[in-house]
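For reference, the structure discussed in these notes is given below.
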Amino acid sequence: MPEGHTIHRLAKDQGDDLAGRTIRASSAQSRFVEGAALIDGTVLERSEAWGKHLFHTFDSGRVLHVHLGLIGKWFRRAGAPLPDPTDTTRLRLSPKDDAGDEVAWDLTGPMTCAVITPDQQDAVVATLGPDPLRTDADPERMWSRLQRSGKAVGLLLMEQDVVAGIGNVYRSELLNIVGIDPRRPGRKVTRDEFERLWAETVRQLRLGVRRNKIVTMSTAELPMPVSRLPNGEGRYAYKMEHCGRCHTELEVYPLAGRTTWSCPTCQPR
Ligand SMILES: [Zn+2]
């Protein structure tokens, strides 16, 4: 599942292509014809992300809400002539004022794709914890959730109402970098550790938006530029055999139904 940095990057890239323009919206897959008709011919005012949720607000006041879930994807199409959408294309967004030969964004397989009201958007956001990529994020909300919970911190990081946008890759990486065993109860995380965890989460997610992939190592630690790095490399713990910081063999075990990796040296129990 894409993590929060991907959704923020999509909001930015789609905003760059489409914001301020009258939108042509269509659904080649018949499932979203009525929804597409509600936004077709209106102007996209802004695109924003909150955790793994993407919201496009139109000048009609309507909001397009997309959550990619496990298999959903956005594809950017560019160059003349644009390829036709396929029968798996739930939604195509493109500027109405071009001749159809400039740019389009195609959505396939989303968990959620719906046209909602701003009140409904607020209701979705109310179920989410602070998003470290948003300037309005309030880390104290995450701190109070950790302090009140006996659940493992590696499990809490995956709960979107505790903190929005973190998935399985970032939880392994962040806890490794900060030096917290994922199995430690949330309430045993100290204030100092939490402050380092929050700061590192903000830093890493921003890096993820910029790099458009999850590469947590610093440039100096990488064997080659990020652009040439094979997928899955440049990480300290996730799917690694040895810790990227101290080279100790990592422990591998399930947590919150997903495999996690931690270092017995850097993240003592
Ligand atoms: Zn280590």
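The values are calculated or read from the model by the stated rules, or taken from the named source; none is laboratory data. All of these numbers come straight from a predicted model, not from anything done at the bench. Methodologically, a virtual Cβ is constructed for each residue, glycine included, from the backbone with ideal geometry; neighbour enumeration extends over all protein chains shown. The protein model used for the area step is the full one, side chains on, heavy atoms only, and it has no ligands, DNA or RNA in it. Shrake-Rupley method; radii C 1.70, N 1.55, O 1.52, S 1.80 Å.
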Expected single match for of a type in the set (Ser, Thr, Tyr) and either in contact with a Phe, Trp or Tyr (Cβ under 8 Å, 6 or more places away or on another chain) or buried (at least 17 other Cβ atoms within 10 Å of the Cβ) (or both) among 127, 89 is 89
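Quick grid of which residues meet (1) within 16 Å of the ligand (Cβ to nearest atom); (2) in contact with a helix residue (DSSP H, G or I) (Cβ under 7 Å, 6 or more places away or on another chain); (3) within 15 Å of residue 172 (Cα to Cα); (4) assigned to a loop (DSSP other than H, G, I, E, B):
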residue	(1), (2), (3), (4)
223	no, no, no, yes
231	no, no, no, yes
247	yes, no, no, yes
266	yes, yes, yes, yes
Across (1) open to solvent by 70 Å² or more (accessible area, probe 1.4 Å); (2) in the same structural domain as residue 40 (by TED's automatic domain parsing); (3) over 25 Å from residue 215 (Cα atoms), residue 70 clears everything bar (3)
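Looking only at residues in region 190-201 that are assigned to a helix (DSSP H, G or I) and open to solvent by 20 Å² or more (accessible area, probe 1.4 Å), which one is nearest to residue 148 (Cα to Cα)?
So the residue we want is 191.
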Looking at (1) open to solvent by 60 Å² or more (accessible area, probe 1.4 Å); (2) assigned by TED's automatic domain parsing to the domain that holds residue 172, find the lone condition where residue 243 falls short.
(1)
Anything in region 9-43 that is closer than 30 Å to residue 129 by Cα, open to solvent by 30 Å² or more (accessible area, probe 1.4 Å) and touching a residue at least 12 places away in the same chain (Cβ under 8 Å)? List them, or say none.
9, 12, 13, 19, 20, 38, 43
Residues that are more than 27 Å from residue 148 (Cβ to Cβ), part of a loop (DSSP other than H, G, I, E, B), of a type outside the set (D, E, K, R) and within 16 Å of the ligand (Cβ to nearest atom): does region 252-263 have at least one?
yes
Go through the residues of region 120-128 one by one and say whether even a single one is touching a Ser or Thr at 6+ places or on another chain (Cβ under 9 Å) and in a strand (DSSP E or B).
no
Could you please find all residues in region 167-184 being of a type in the set (Lys, Arg) and either outside any helix (DSSP H, G or I) or not assigned by TED's automatic domain parsing to the domain that holds residue 154 (or both)?
183, 184
Any pair with Cβ under 7 angstrom, 6 or more apart, that starts in region 85-104 at a residue that is among the charged types (D, E, K, R) and modelled with pLDDT under 95 and ends at one that is part of a strand (DSSP E or B) and surrounded by 13 or more Cβ atoms within 10 Å (Cβ to Cβ):
96/22; 96/23; 96/24; 97/22; 102/95
